[in-house]
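K.L.:
Questions regarding the structure given below will be posed in turn.
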Amino acid sequence: MKLPPLSETSPKQLKGFERATILTSKSSSQKTTYSYYHSFGVTEHYVLFLEQPLLVNTVKMAASGIKGYCVRDCLEWNPAMKTKFHLINRSTGQEIKTKFQSDAFFCFHHINTYEEEGQVVADIMAYPNSEVMDKFFLKEVRAGRLNDSCKAIFTRFVLPLKTEGRIGENLVTLKETQATAIKEETGIIFLIPETKGRAGYEMPTINYSMFNTRKYRYMYGCGSFDTGEFAHSLIKLDNVTGEMTAWKETDTMYPSELVYVPRPGSSEEDDGILLSVVLDVADNSQDFLMVMDAKNFKELARVFVPRSVKLPPSVHGRFRMD
Ligand SMILES: [Fe+2]
């Protein structure tokens, strides 16, 4: 859907989705299932939609009322289907004809997507499979069985827009990436990604207002819902060097997704602050909003709420200047 921003000329009586128009629609490549998705990528000219092999079984979904299935019961992991990448022109709604595919992986969040030298760079927090969907069932949490095996990692795919070339040839020409795109006999372009940093965190955020759809360097993440190296931590990742910086105070603190706020008038990518709501489950503790310097990833200040108020760690957040 296309949802234009409110402007002086927008009819005032139209609210929310009343202003939306359909840009395009896409049928599932499967017969009775369609791909689960949580987010998509956007570049200057394209929308990137992943058809990933975690499939919603529509027959089970229809029967869920009678059979008592929950949504998870209706999802099926089918890695043989691989992951399909669809690029759709933002102006015309037309999908480009090239078929892009990679080995199966699962994701919730696209980090950023941009065009560079005739290629689309797609950065995604990718899991090896969809086991993460089962990790937070209450029976697992209560039994202390948080599964640490299925972790997300910064994963970069590069999709060439020009696909003339020989079979078996790598069509990626960007110098600083290890990601490849190999033309197969079937005409499919098979994508092999590269990863940056180490796995085990989620909730990627960037300097969105200045670098969304543009080449960028820094990503911020949160390991609150993980159990490994980055549990209770916040992360800054330099996607050029792969260097990671972590913030962690105690095992009782659960920081939320970071929200980036640029310094007014700034031009540098990390010249700004980061905000995170932190829940502290220690006895007699006070929860707080933490303000960090995005450049050195150190705390600048914390704003406490009264002890009687607990702030559950939020999944997604937003900053609004009033
Ligand atoms: Fe999300």
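The values are calculated or read from the model by the stated rules, or taken from the named source; none is laboratory data. Note that the coordinates shown come from a computational prediction; the quantities given were computed from them, not determined experimentally. Note that each Cβ is placed from the backbone with ideal geometry, even for glycine, and that neighbours are counted across all protein chains shown.
K.L.:
Only one of these conditions is not met by Cys150: (1) of a type outside the set (D, E, K, R); (2) part of a strand (DSSP E or B); (3) in contact with an Asp or Glu (Cβ under 7 Å, 6 or more places away or on another chain); (4) away from the ligand (no atom under 16 Å from the Cβ). Which number is it?
P.N.:
Cys150 satisfies every listed condition except (2).
K.L.:
Could you list, in sequence order, all residues of the range 200-250 that are closer than 19 Å to Val132 by Cβ and among the acidic types (Asp, Glu)?
P.N.:
Result: Glu202, Asp226, Glu229.
K.L.:
What tally of residues in the range 83-107 results from selecting those that are crowded, with 20+ Cβ neighbours inside 10 Å and either over 20 Å from the mean Cα position of the chain (by Cα) or within 16 Å of the ligand (Cβ to nearest atom) (or both)?
P.N.:
Residues meeting the conditions: 2.
K.L.:
Of all residues in the range 207-232, how many are touching a Lys or Arg at 6+ places or on another chain (Cβ under 9 Å) and surrounded by 22 or more Cβ atoms within 10 Å (Cβ to Cβ)?
P.N.:
Residues that pass the stated criteria total 6.
K.L.:
Hey, Ala126 hits all of (1) more than 16 Å from the ligand (Cβ to nearest atom); (2) not in a loop (DSSP other than H, G, I, E, B) but one; which does it fall short on?
P.N.:
For Ala126, the failing item is (1).
K.L.:
Give all pairs with beta carbons closer than 7 Å in which a residue from the range 140-167 that is on the phi < 0 side of the Ramachandran plot meets a residue that is surrounded by fewer than 11 Cβ atoms within 10 Å (Cβ to Cβ); count only pairs at least 6 apart in sequence or on separate chains.
P.N.:
Listed by first residue and then by second, the contacts come to Ile167/Glu185.
K.L.:
Considering only the range 1-57, state which residues are touching a residue at least 60 places away in the same chain (Cβ under 8 Å), in a strand (DSSP E or B) and not aliphatic (A, V, I, L, M).
P.N.:
Answer for the range 1-57, where residues must be touching a residue at least 60 places away in the same chain (Cβ under 8 Å), in a strand (DSSP E or B) and not aliphatic (A, V, I, L, M): Gly41, Tyr46.
K.L.:
Mind listing whichever residues of the range 1-56 are aliphatic (A, V, I, L, M) and either touching a His at 6+ places or on another chain (Cβ under 6 Å) or within 16 Å of the ligand (Cβ to nearest atom) (or both)? Walk me through how you get there before you give the answer.
P.N.:
Kept after step one, since they are aliphatic (A, V, I, L, M), are these residues of the range 1-56: 1, 3, 6, 14, 20, 22-23, 42, 47-48, 50, 54-56.
Correct list: Val42, Leu50, Leu54.
K.L.:
Kindly indicate whether Val309 is within 16 Å of the ligand (Cβ to nearest atom), among the β-branched types (Val, Ile, Thr) and outside any strand (DSSP E or B). Steps first, please.
P.N.:
Working: within 16 Å of the ligand (Cβ to nearest atom): no; among the β-branched types (Val, Ile, Thr): yes; outside any strand (DSSP E or B): yes.
No; evaluated as a whole, the condition is false for this residue.
K.L.:
May I pose another question? State all residues of the range 272-303 that are in contact with an Asp or Glu (Cβ under 8 Å, 6 or more places away or on another chain) and farther than 30 Å from Asp238 by Cα; if no residue qualifies, say none.
P.N.:
Gln286
K.L.:
Which one is farthest from Val132 (Cα to Cα), of the residues in the range 43-76 that are among the hydrophobic types (A, V, I, L, M, F, W, C) and within 19 Å of the chain's Cα centre (by Cα)? Before the answer, list the steps.
P.N.:
Taking the range 43-76 first, the residues among the hydrophobic types (A, V, I, L, M, F, W, C) are 47-50, 54-56, 59, 61-63, 66, 70-71, 74-75.
With within 19 Å of the chain's Cα centre (by Cα) added as a condition, the list becomes 47-50, 54-55.
Details: Val47: 26, Leu48: 23, Phe49: 21, Leu50: 18, Leu54: 12, Leu55: 15 Å.
Of everything passing the filter in the range 43-76, Val47 is farthest from Val132 (Cα to Cα).
K.L.:
Within the range 112-152, count every residue that is out of contact with any Cys (no Cβ under 9 Å at 6 or more places or on another chain), at pLDDT 95 or above, surrounded by 19 or more Cβ atoms within 10 Å (Cβ to Cβ) and not polar (S, T, N, Q).
P.N.:
Count: 5.
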